[in-house]
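J.: Provided herewith is a single structure, encoded as structure tokens, for subsequent inquiry.
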Amino acid sequence: MATYGMNDVKNGMKIIVDSYPCVITATEYVKPGKGQAFTRVKYRNIKSGRVVEMTMKATDSLEAADVLDTDMEYLYGDGEFWHFMDPTNHEQVSADASAMTDAVKWLKGNEMCMVTLWNGAPLVVTPPTYVELQIVETDPGVRGDTSGGGGKPAKLETGAVVRVPLFVQNGEVLKCDTRTGEYVSRVK
């Protein structure tokens, strides 16, 4: 397996720490007035999301992770696994609930997702930034009922619930931001 020396370490590199894949989020080279220079590395565990900082001497090295980010098309979910296909070679992979996290509530079928593969198995599934979903249930907006901020909850076809303006009705298609879980606009 390839290794990185401390001079090679950069943000965004994928490494193995304690047999888990991680991504480097920040590096800082420190040369104190007295003593040996060192590098402060901040990394995030890809599976758990935990951020850790470590200090490394110039002679230390880090093991490269065999992690691959691939655009894949979401096909369907069978309750236990969610199935994705690589559009270039039609190879299919199945992700379990731990890899899906909250991406489940934004996917209905045929969306392109970023699937992070580690040793050929899905580690994390990232949904597209914006999705268009239909409202299946929301309260009718009553004119003048704006004392509470002017919003109401709406249940989407995938089961996700977002806050929408009062003028939005049942059956309309919305554009939602999957990173924040917020309503963006109506789709014409």
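J.: What is the fewest-to-most order of Glu157, Glu132 by other Cβ atoms lying within 10 Å of their Cβ?
T.: Glu157, Glu132
J.: Could you work out the helix-only [θ] at 222 nm for the chain, with each DSSP H run of four or more residues adding -39,500 (n - 2.57) and the total divided by the number of residues, to the nearest 500 deg cm²/dmol?
T.: -500 deg cm²/dmol
J.: Starting from the Cα of Ser61, step 7 Å along the direction of its Cβ; do the same at Ser185; then give the gap between the two resulting points in nm.
T.: 5.2
J.: Further, regarding this structure: Expected output is a single nm value to one decimal: the length gained when fully extending between Thr27 and Val173, i.e. 0.36 nm times separation in residues minus the C-alpha distance. What is it?
T.: Additional length available on full extension: 48.2 nm.
J.: Would you please give the residues with an amide H less than 5 Å from that of Gln134, counting only those at least 5 places away or on a separate chain, with H modeled from the backbone geometry?
T.: So Gln134 has HN proximity to Glu157, Leu174.
J.: Only residues of segment 67-85 count here: report those whose backbone N is under 19 Å from the spot 7 Å along Cα→Cβ of Val17, or say none.
T.: 67-68
J.: What ranking of Val187, Val124, Val168 emerges when the number of other C-beta atoms within 10 Å of each C-beta is taken as an exposure proxy, fewest first?
T.: Going from sparsest to densest Cβ surroundings: Val187, Val168, Val124.
J.: Applying 1/(1 + (r/R0)^6) with R0 = 45 Å to the Cβ-Cβ distance of Ser98 and Lys34, what FRET efficiency is obtained, to the nearest 0.05?
T.: 0.45
J.: Using a Gaussian network model of the chain with C-alpha springs under 10 Å, which one of Lys57, Lys31, Lys152 is most mobile by mean-square fluctuation?
T.: In this elastic network of the chain, the residue with the biggest mean-square fluctuation among Lys57, Lys31, Lys152 is Lys31.
J.: Fully extended, how many nm does the chain gain between Glu137 and Tyr76 (0.36 nm per residue separation, minus their Cα-Cα distance)?
T.: Result: 19.7 nm gained on full extension.
J.: Amide H of Thr25 versus every other amide H placed in the peptide plane: which residues, excluding those fewer than 5 positions away on the same chain, fall under 5 Å?
T.: Gly12, Lys42, Tyr43, Arg44
J.: Right, next: Only Cα pairs under 8 Å and at least 6 apart count here; give the relative contact order of the chain as a rounded whole percent.
T.: It rounds to 14 percent for the chain.
A short reminder: the numbers here are calculations on the coordinates, not readings from a lab. This structure is a prediction, so every number in the text was calculated from the model and none was measured. Cβ sites come from the backbone with ideal geometry, for glycine too, and all protein chains shown count toward neighbours.
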